[in-house]
Structures are given as structure tokens and as C-alpha cells.
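First up is the structure itself, then whatever we jot down about it.
The values are calculated or read from the model by the stated rules, or taken from the named source; none is laboratory data. Predicted model, so just to flag it, every value in this text is computed and none were measured. Here the Cβ is made from the backbone with ideal geometry for all residues, glycine too, and neighbour counts use every protein chain on show. Accessible surface is based on the protein model in full, side chains and every heavy atom, while ligands, DNA and RNA are left aside. Shrake-Rupley method; radii C 1.70, N 1.55, O 1.52, S 1.80 Å.
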Amino acid sequence: MTSTERPGNSMYALLSDGTTVSVRDARPGDRERVLRLFTGMSPENLRLRFFTVGPGPGAAAADRISSSGGTDDVALLALMGDEVTGTAEFHRSSEDPETADIGLAVADAWHGRGVGTLLLEHLVHAARAAGVRRFTADALTENHLMLKVISDLGLRTARRFNGPEVHCTIELAQDEPYLSAVDERGRTADVASLGPLLRPASAVVIGVGQSPSSIGRALLNNVRSHGFTGRLAAVNPHAEAIDGMPCHPSVENLPYAPDLAVLAVPAEAVPEVAEECGKHGVRALLTVSSG
């Protein structure tokens with residue numbers, strides 16, 4: 001579980017493809033953004049999640065998730081900006097306080113990127129802290145993605161089949177197989193997160209000066225002349241082109257989000273430019289500013 005805590009009971013975490021999302025508890029004000037997750041799901045994925053189709057179950061889930069709280073009902077969200085990419089929840093059994101039933105949903109566009117596994121890791125951590133010792137989950141036997149997420153956790157799991165459904169019991173003891181699986185997922189995410197920095201498919205140099213002695217201009221020329229084959233752009237608000245390379249007034253004006261931005265701007269401008277890069281979706285920064 002590769003994550004970094006930040007204020008407000010929220011943390012940044014890496015998905016298996018190196019993408020950074022934030023994970024936090026669901027709040028009452030989240031109902032509409034959670035509802036957008038479910039209304040954006042295909043009919044087939046809604047059926048796999050709720051065993052039926054139609055808007056009713058999604059609306060009820062949004063109500064339940066946004067009103068969860070305490071140690072008996074916990075709901076977590078994974079977010080990219082304001083978009084909910086996935087939800088995970090557990091609800092403690094009234095008959096057995098050491099058992100809780102879980103639900104998991106991932107936005108269609110985020111399947112296969114480790115959102116569900118990441119959320120379940122955090123849910124396991126929260127459940128153990130609350131005294132829960134096992135999860136139960138019901139799924140359709142054809143819901144291979146959900147069953148794979150459960151089996152890949154590394155926790156001891158028992159399955160009981162009943163017609164088209166399967167009932168899973170997941171023991172939350174953090175034994176060696178589970179800890180090893182968490183470590184391996186963390187290493188995979190760490191390596192993937194370095195891809196935009198070390199192997200960018202696209203790059204932008206920000207602060208390309210018109211003077212031949214400009215550091216930004218030298219960097220741009222070096223990138224162009226040393227075999228970089230990806231998409232390349234330059235940013236200078238005071239020039240339309242430098243050395244034949246069209247210039248954009250800011251990173252926000254680029255028609256795409258580069259993997260890597262090289263910042264050759266004055267030191268005092270770095271925070272503002274870095275924030276612009278983040279808002280535009282740039283995945284890695286390299287700063288060469290003096291001071």
C-alpha cells in the first residue's frame with residue numbers, strides 16, 4: 001500500500017499503473033459525485049455490482065456510502081481530482097461484530113488499474129483497527145474481476161457457491177502472504193510511477209528563452225538533438241517560435257497533457273507553474289531553476 005498521508009483524513013496513493021489518486025473517507029457532501037460513479041457505469045457492470053439493472057440500487061448505494069460513519073459502517077473513496085474512481089465499504093454484522101459485509105465499485109474507465117485492490121487494502125486496515133476480523137462478500141460467479149481482486153489480496157479466502165452466486169469469506173489476519181502481496185504491489189506501483197519521469201512519451205520545456213544562452217533553450221535543443229522521439233513542446237509567453245519550435249504561452253494552452261514538464265523558470269515562479277502543470281495533468285516535473 002504505497003501512500004502518503006495528508007491533512008483532512010486523506011492520503012495520496014499510487015495505483016498499479018503509477019497514477020496518483022487520493023483516498024479518504026466518504027462524507028455527506030459526496031453523494032452527488034458518488035452517484036455520478038454509478039450513473040456512469042454500463043448496464044452490464046451495474047448488473048454485476050447490484051445483481052440487477054436500473055438507477056435504484058446506485059442511488060441507494062450513493063445514499064448509504066455518503067452517510068457512513070463511525071466504526072460499524074465505513075466507506076472509502078478513491079478520487080482523481082473531483083472524480084470518484086472507486087468506492088469500498090464495509091458494514092459490521094449486528095449478529096457477529098467481528099464480521100463485516102463489503103461492497104466494491106470501480107468506474108468503468110478505471111478498471112484494471114488497481115483501484116479496487118488499493119481501496120480494499122485501505123478497507124482492511126480500517127476494519128482491523130475497528131476490531132473486524134473477517135469480511136464477507138457476495139458476487140455473481142461471472143464477476144471474474146471482483147473475484148480476482150479478492151483472491152489477489154493475499155488474504156485467506158473461502159468460497160461457497162450457490163447457483164449463480166458465490167459467497168466469499170475473507171480472513172483479515174495479516175500473515176506473511178498478505179504482507180508480501182502488499183509489498184509487491186507497492187514496488188510495482190513505485191516503478192510504474194517513475195515511467196513519466198524516466199521514459200516520458202511526451203515532454204514540455206517551460207521557460208524557453210529567446211537568448212542563445214537561455215538554459216531553457218539549451219535544454220530544448222539538447223532534447224531535440226539527442227534522440228527523443230516523443231511529442232515535444234515549448235512554453236514562452238513572449239515568443240511564437242524559438243529555433244523553429246512553436247511556443248505556447250503556458251502549459252494550460254497545450255492541447256494535451258505531457259508526461260514530463262521541465263521547468264526552467266525563475267525560482268519564485270516554480271510553485272505557480274508547478275500548480276498549473278498539476279491542474280493540466282502533467283505526471284512528472286523536473287526543475288532546473290537556480291535559487
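Please determine, by comparing only the residues of segment 26-63 that are farther than 15 Å from residue 142 by Cβ and β-branched (Val, Ile, Thr), which one is surrounded by the fewest Cβ atoms within 10 Å (Cβ to Cβ).
That would be 39.
Taking segment 110-128 only, how many residues are part of a loop (DSSP other than H, G, I, E, B) and surrounded by fewer than 16 Cβ atoms within 10 Å (Cβ to Cβ)?
Residues meeting the conditions: 2.
Give me a count of the residues in segment 186-208 that are surrounded by fewer than 18 Cβ atoms within 10 Å (Cβ to Cβ) and under 20 Å from residue 289 (Cβ atoms).
Final tally of qualifying residues: 1.
I want to confirm something. Restricting to segment 132-164 and keeping residues that are within 15 Å of residue 101 (Cα to Cα) and in contact with a Leu (Cβ under 7 Å, 6 or more places away or on another chain), which single residue is surrounded by the fewest Cβ atoms within 10 Å (Cβ to Cβ)?
Only one residue tops the list, namely 133.
For segment 129-230, which helices (runs of 4 or more DSSP H) that fit wholly inside it have 3 or more residues that are in contact with a His (Cβ under 8 Å, 6 or more places away or on another chain) and free of Cβ contacts under 8 Å to residues at least 40 places away in the same chain? It would help to see each step written out before you state the result.
Details: elements: 144-152, 176-193, 195-198, 215-225.
Passing ranges: none, list empty.
Restricting to segment 223-251, give me the number of residues that are among the polar types (S, T, N, Q) and exposed (fewer than 12 other Cβ atoms within 10 Å of the Cβ). Show your work before the answer.
Step one: filter segment 223-251 for residues among the polar types (S, T, N, Q), giving 225, 229, 236, 250.
If we keep only those that are exposed (fewer than 12 other Cβ atoms within 10 Å of the Cβ) as well, we get 225, 229.
Residues in segment 223-251 being among the polar types (S, T, N, Q) and exposed (fewer than 12 other Cβ atoms within 10 Å of the Cβ): 2 in total.
Condition first: open to solvent by 40 Å² or more (accessible area, probe 1.4 Å) and either in contact with a helix residue (DSSP H, G or I) (Cβ under 8 Å, 6 or more places away or on another chain) or on the phi > 0 side of the Ramachandran plot (or both). Can you find one or more residues in segment 98-108 that meet it?
Step one: list which residues in segment 98-108 are open to solvent by 40 Å² or more (accessible area, probe 1.4 Å), which gives 98, 101, 108.
Of the ones still in play, those that are also either in contact with a helix residue (DSSP H, G or I) (Cβ under 8 Å, 6 or more places away or on another chain) or on the phi > 0 side of the Ramachandran plot (or both) are 108.
Checked against the condition, which is being open to solvent by 40 Å² or more (accessible area, probe 1.4 Å) and either in contact with a helix residue (DSSP H, G or I) (Cβ under 8 Å, 6 or more places away or on another chain) or on the phi > 0 side of the Ramachandran plot (or both), segment 98-108 yields at least one hit.
In segment 152-187, how many residues are under 26 Å from the mean Cα position of the chain (by Cα) and at positive phi?
The qualifying residues number 1.
Which of the residues belonging to segment 262-287 are assigned to a strand (DSSP E or B) and either open to solvent by 50 Å² or more (accessible area, probe 1.4 Å) or touching an Asp or Glu at 6+ places or on another chain (Cβ under 9 Å) (or both)?
Taking segment 262-287 as the starting set, the residues that turn out to be assigned to a strand (DSSP E or B) are 262-263, 284-287.
Within segment 262-287, 284, 285, 286, 287 meet the criteria.
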